[in-house]
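Participant: Have a look at the structure that comes next, please.
The values are calculated or read from the model by the stated rules, or taken from the named source; none is laboratory data. Quantities reported herein were computed from a predicted structural model and do not represent experimental measurements. All Cβ positions, glycine included, derive from the backbone under ideal geometry; neighbour counts span all protein chains shown. When the accessible area is computed, the model is the full protein with side chains, heavy atoms only, and any ligands, DNA or RNA have been set aside. Shrake-Rupley method; radii C 1.70, N 1.55, O 1.52, S 1.80 Å.
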Amino acid sequence: EPEVTQTPSHQVTQMGQEVILRCVPISNHLYFYWYRQILGQKVEFLVSFYNNEISEKSEIFDDQFSVERPDGSNFTLKIRSTKLEDSAMYFCASSQTSGSGATQYFGPGTRLLVL
Amino acid sequence: GQQVMQIPQYQHVQEGEDFTTYCNSSTTLSNIQWYKQRPGGHPVFLIQLVKSGEVKKQKRLTFQFGEAKKNSSLHITATQTTDVGTYFCANNQGGKLIFGQGTELSVKP
């Protein structure tokens, strides 16, 4: 069964450093998302992406964040200058269709620790 | 945007006991989805409910959407150790999933 994959599984970085989290969505999916989950808390929406454009972003997704689909398979989340509070699990998700009826499939996540 | 509140935060049960988690919203929801997250894992889609009063079953799991579409529940009959994890409800708002806080279920063998 096709799966969303994410790399790396863990990332440790110093405050102020840039990180890039990578995702390979399911191959025939067209809609991509990033979510984050701070330890012990609920999953929070960051951004949705379609046709090389951001469809929607949350308040969390400020100027320090950016997303990109650099090629036909990868979908990346960049945090330009990490803060301590960016420490979280970051999940990528993809769906074949859009809207409220679409099923989103989540990747295994990247655990980011900012020191 | 619409928020969903979920209770309880934790539930510890003996294997074989039943388990229920509840999700509530102050406003009408167009849909409610349920996800399971195993410890250390990622959210896995279980089901979506869209109709008022809808009830769906998956083996020992029963999902319900309230008549007013403001609340939902997930009930597990006769829990097993494989049911361990956090169960989240979520409202899909045009592709943006708004999650509840989740209910962490632990099952004592």
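Participant: Please give the solvent-accessible surface of B:Ser25 in Å², to the nearest 10, using a probe radius of 1.4 Å with every protein chain present.
Facilitator: In the full protein context, B:Ser25 sits at about 10 Å².
Participant: Let me spell out the model: positive unit charges on the Cβ of Lys and Arg, negative unit charges on the Cβ of Asp and Glu, origin at the Cα centre of the protein assembly as shown. What dipole size does that give, in debye rounded to 20?
Facilitator: Here the size comes out at about 360 debye.
Participant: Give me the net charge of A:Leu39's neighbourhood, meaning all other residues with Cβ under 13 Å from the Cβ of A:Leu39; Lys, Arg count +1, Asp, Glu -1.
Facilitator: Computed value for this residue: -1.
Participant: How much area per residue is accessible in the protein assembly as shown when the probe is 1.4 Å and only protein heavy atoms are counted (Å²)?
Facilitator: Heavy-atom SASA per residue in the protein assembly as shown reads 49 Å².
Participant: Using amide H atoms built 1.01 Å from N in the peptide plane, name the residues 5+ places from B:Glu54, or on other chains, whose amide H lies under 5 Å from its own.
Facilitator: Long-range HN contacts for B:Glu54: B:Phe65.
Participant: Next up: Give me a single rounded figure for A:35-48: the average over its residues of other chain Cβ atoms within 10 Å of their Cβ.
Facilitator: For peptide A:35-48, the averaged partner shielding equals 4.
Participant: For B:Gly85, what residues show an amide H to amide H distance below 5 Å, using hydrogens built from the backbone and excluding near sequence neighbours?
Facilitator: Sorted by chain and number, the residues that satisfy this are B:Leu105.
Participant: Sticking with this structure for a sec: Given C-alpha coordinates of the protein assembly as shown, what is the ratio Rg to Rh with the Kirkwood estimate of Rh?
Facilitator: 0.98
Participant: Sticking with this structure for a sec: B:Leu46 accessible area, nearest 10 Å², 1.4 Å probe?
Facilitator: Its accessible surface works out to 30 Å², give or take rounding.
Participant: Could you please report the charge total around B:Phe45, scoring K, R as +1 and D, E as -1 over all other residues with beta-carbon less than 14 angstrom from its beta-carbon?
Facilitator: Residues near B:Phe45 contribute +1 overall.
Participant: What percentage of the solvent-accessible surface of the stretch A:5-96, computed with a 1.4 Å probe over protein heavy atoms, is contributed by carbon and sulfur atoms?
Facilitator: Carbon with sulfur: 45 percent of the solvent-accessible area.
Participant: Taking beta carbons within 10 Å but only from partner chains, what does the mean come to for residues B:82-89?
Facilitator: 1
Participant: Computed on protein heavy atoms with a 1.4 Å probe, what is the summed buried accessible area for the chain pair B and A, in Å² to the nearest 100?
Facilitator: 1600 Å²
Participant: A further question on this structure: Give me the Å³ per residue figure for the convex hull around the C-alpha atoms of chain B.
Facilitator: 88 Å³
Participant: Keeping all protein chains in position, work out how much accessible area B:Arg38 exposes to a 1.4 Å probe, and write it in Å² to the nearest 10.
Facilitator: Probe radius 1.4 Å; accessible area of B:Arg38 about 130 Å².
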